[in-house]
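> Sharing a structure below in structure tokens format, with a few things to ask.
A short reminder: the numbers here are calculations on the coordinates, not readings from a lab. The shown structure was predicted, so the numbers you read here are calculated from the model rather than taken from an experiment. Here Cβ is always computed from backbone atoms with ideal geometry, including for glycine, and neighbour counts include all displayed protein chains.
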Amino acid sequence: MANSVARGISGRRRIVLIVLLSIILPLLVVGYLGFNSISRRREAARKLYGMSLYISGEAALKSIEDKIRSFEKDMLAGGKETFSEAGRGRTFLLSADYMILNPEIAKKDEAPFTCSDGTDNRARGSYWAEAEKSEFQKKDFRLAAELYGKAAEASTSDRCRALARMALGRCRIALRDYSGALADFDELAAKYGRLRDSSGHPFGIIAAMRIADIEGLRGNEERRLSVLIELRGKIDDGAWPIDLAGYQFFRSEIEGTLEPRIKDHLYPELEKPYRLVKERATGFQEDLLFRDLLQTSIVLRIKEASALDPSISRDHPGRFLLPGERSSYLVSFSPAPAVGPGGPMIAGVCWETTSLMRSIVPSVLGALDKSSSVDLTLTDTAGKNILAEGLEGSSRLPATVGGAIPFSFREFPLPFKLVVSQPAMLDFDRAAARENAFYGLLILVVVVFMAVGAGLVVRDISRETQLTARKTEFVHTISHELKTPLTLIRLYAETLEQKPNLGDPEKKDALKIIAKESERLSHLINNVLDFSRIEMGRKEFDFRSGNLAAAVRETVESYRYHLEKKGFLIREEIAADLPAVRFDREAIASVVVNLLSNAMKFSPSEKDVGIRLSLESGQAVLRIADKGSGIAPADLPRIFDKFYRGGNDPSGGAGGSGLGLTLVKHIVEAHGGRVEARSECGKGSEFSVFLPILADPGE
Ligand code: ADP
């Protein structure tokens, strides 16, 4: 029988599975097809977007390069510095043998010279030699000053006059004739400022430094510093022709004196002027840097490039990128239109790349942006947007811009990328992702619901099947249960009938057995009848307010005989002062009898029954405990199910109906109470019945 039940269950499960698959599979197929067509359509749209992006990018790139090319052409042809307009490019001109003709480079033209020989002017030569001797050997500064003065008068060249003026000043300082010395250096600066001394430094700068020294010697420190600040400003403005090395030398000299004093806030009035001078960027500084770049790198690279590429012409200028410390330079060069004395010259232009881009690109992109919905940005190799100046954080493009295309420059070796993206594309991607998630979720929800439904159906089917099996088993056991007492009754009745001369004790025994067995029979039949009444919904209760303790005690008394005969120890503890409870006397008696008969049935060895009725937190609680076999944990949750019988049945499956506890539960719940079972395998069980106490016992 168990086999056929199992087969029935698995057969139905299979049907459920097939039904389920026949719904889920088409659903999945439809879902897949839907997804597929959506994503194909999306792909087509994306391609269109991509194409328009590409076209916009190409157009922008071409406009930018066209613009640079036209600047380049103008500047190489005219050599004119249309400075701000042409992206701050600087032109230059080289001779055929790569000498820098333009811009003019400060030359250390004259060889170091001294005015102490008399080659051009005897008188001056001898005054000069005498003067130096007095100054450096005899330390007779007065005489030396006099002699230098004479040498100056006798000089025919400005440089010698300037040198003599400087020496004169020097001697006057030694003589502490500061106002005389100041006059000397003022004159030196005014008359011969742009000439150079024997180390190539302009007299103007030297004179100013001496003047500062004199102010210092006079104890006029603040004045000394302000002379230096003024000097620094003049040098920055290009008041004297110096090269980058000279500039850096004087700057560090001046800063070396000023910086520590300004930092210590000794002269607060000077702080602002000094800062202004220091932070100023002048054209002369830029010139110096450019000239230096020209001398140190550009000319060399042009030499190399023209050697490598003979096709460079005015129509095809040579171009290269010159990486610098802080930024890079784009250099273009071609044969100059004019021919110099040494042969054809080379014209060139040099751009600082970032400022070139900043002066050209925004206008080009602005024109394009208006005509299309694309976003155009220019990034450097690190991905930083170079057009958004100063917005360091936000200028960085998001790392994964959906559908952004980077374009590299083709004609010009520029270290930038033009990035074209379409904001609409981002929305498009986001919408697509949302749609995907929605459809996926929908299908998932449907599948989950179906799976849960199928699970419930399968569980229901197997429950139903088990119930059927239990019913069949019930019929079998009930017949068996009915048969035993009937056989006994018949047997003893026949004995009484056939043996009329039976002794009184025997007769009494036979009658007792007949009575007991018929009682058992009626209990069984009562249970079955009660159950069928419950099942049909016809069970009616006769609730009356009464003494629950008396009813329980009475039932226990009537059952005492059975228990004691089987050798049970009965421990009874029934509270006498229990408040009134509304209950059906017969039904509660049936609860007690069922629980007691279970305790008796499932206590094979230790025969001990505890019956306790008490008041616990406002409820009447009846506990019936035994020390019998206990209930397996797997059985425990199901013992109240109809026809359910645990595996601990001592009679091997024929000892009960599986209805007792079902009835108990039904009755207790009809009373508005509940029943609980606790059990430990091998140690015993305890059943507790909770019944509500009447609020108003008079009711
Ligand atoms: P029956 O006793 O006729 O089998 P019941 O509904 O009264 O049916 O009980 C259901 C099952 O619960 C029993 O088969 C048994 O496994 C378990 N059971 C009930 N009472 C006890 C008990 N006192 N000790 C051990 N097991 C019990």
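> Could you give the nm distance between label points at Leu694 and Glu221, where each point is 7 Å from its Cα heading toward the beta carbon?
With each label placed 7 Å out from Cα toward Cβ, I get 11.2 nm.
> Which GluC sites (Glu not before Pro) in the stretch 476-510 pass both tests, a DSSP loop state and at most 16 other beta-carbon atoms within 10 Å?
none
> Right, another one. Neighbouring Cβ atoms within 10 Å as the yardstick, rank Val621, Val581 fewest first.
Neighbour counts put them in this order, fewest first: Val621, Val581.
> Now a separate question. Any idea how far apart Ala77 and Leu300 come out in nm if each label point goes 7 Å out from Cα toward Cβ?
Going by the 7 Å Cα→Cβ label model, 3.4 nm.
> Related question: Calculate, for Asp315 and Ser37, the FRET efficiency according to 1/(1 + (r/R0)^6) with r their C-beta to C-beta distance and R0 41 Å; round to the nearest 0.05.
Calculated transfer efficiency: 0.15.
> Before rounding to the nearest 500, sum -39500 (n - 2.57) across all DSSP H runs of length at least 4 in the chain and divide by the residue total; then give [θ] at 222 nm in deg cm²/dmol.
Calculated at 222 nm, the ellipticity per residue is -19500 deg cm²/dmol.
> In percent, how large is the relative contact order of the stretch 573-698, given Cα pairs closer than 8 Å and 6 or more residues apart?
Reported relative contact order: 31 percent.
> Any of Lys539/Lys565; Lys566/Lys627; Lys191/Lys278; Lys150/Lys191; Lys601/Lys683 with alpha carbons more than 22 Å apart? Name them for me.
From the list (Lys539/Lys565; Lys566/Lys627; Lys191/Lys278; Lys150/Lys191; Lys601/Lys683), the Cα-Cα distance tops 22 Å for Lys539/Lys565; Lys191/Lys278.
> Sticking with this structure for a sec: Using 1/(1 + (r/R0)^6) with R0 = 60 angstrom and r between the beta carbons of Asp287 and Ala44, what's the FRET efficiency to the nearest 0.05?
Given R0 = 60 Å and the Cβ-Cβ separation, E is 0.55.
> Sticking with this structure for a sec: To the nearest 0.05, how large is the calculated FRET efficiency for Val475 and Leu441 if R₀ is 51 Å and r is the Cβ-Cβ distance? Before the final figure, lay out the partial values.
Numbers: r = 51 Å, r/R0 = 1.00.
Taking R0 as 51 Å, the efficiency between Val475 and Leu441 is 0.50.
> Here's something else I'd like to know. By the scheme Lys and Arg +1, Asp and Glu -1, what is the net charge of all other residues having a beta-carbon under 14 Å from that of Phe640?
Computed value for this residue: +3.
> Over the chain, one equal point on each Cα, no solvent: what is log10 I(q)/I(0) by the Debye formula at q = 0.11 Å⁻¹?
Rounded to two decimals, the profile gives -1.18.
> Looking at the stretch 18-81, which chymotrypsin sites (Phe, Trp or Tyr not before Pro) are in a loop (DSSP not H, G, I, E or B) and have at most 12 other Cβ atoms within 10 Å?
none
> Kindly rank 218-228, 256-266, 144-154 from highest to lowest mean number of other beta carbons found within 10 Å of each residue. Intermediate values should be presented prior to the final figure.
Working: 218-228: 17.1, 256-266: 13.2, 144-154: 21.8.
Going by the mean number of other Cβ atoms within 10 Å, highest first, we get 144-154, 218-228, 256-266.
> Right, next: Count charges around Arg40 for me, please; just the other residues with Cβ under 14 Å from its Cβ, Lys/Arg as +1, Asp/Glu as -1. Show your work: numbers first, answer last.
On the way: positive: Arg41, Arg42, Arg46, Lys47; negative: Glu43, Glu435.
Summing Lys/Arg as +1 and Asp/Glu as -1 gives +2.
> Once you have the Cα-Cα distance between Leu511 and Asp237, take 0.36 nm times their residue separation minus that, and quote the gain in nm to one decimal.
Value of the extension gain: 84.5 nm.
> What is the mean projected area of the alpha carbon convex hull for the stretch 412-544, to one decimal in square nanometres?
Working: hull surface 89.3 nm².
The orientation-averaged projected area of the Cα hull of the stretch 412-544 comes to 22.3 nm².
> Using 0.36 nm times the number of residues separating Arg678 and Leu308, minus their current alpha carbon distance, what extension gain do you get?
123.1 nm
> Quick check for you: which residues of the stretch 22-37 have the amide N under 16 Å from the point 7 Å beyond the Cα of Met450 toward its beta carbon?
So the set is 22-35.
> Another question, then. Can you pull the one-decimal nm distance between simple spin-label points at Leu502 and Ala576, each 7 Å off the Cα toward Cβ?
4.3 nm
> Same structure, new question: Pull out the extension gain between Tyr561 and Arg410, defined as 0.36 nm times the separation in residues minus the alpha carbon to alpha carbon distance; nm, one decimal.
Numbers: separation 151, 0.36 × 151 = 54.36 nm, distance 11.29 nm.
Length difference between fully extended and current span is 43.1 nm.
> Which of the GluC sites (Glu not before Pro) found in the stretch 513-551 are loop residues per DSSP with 11 or fewer other Cβ atoms within 10 Å of their Cβ?
Filter output for the stretch 513-551: Glu540.
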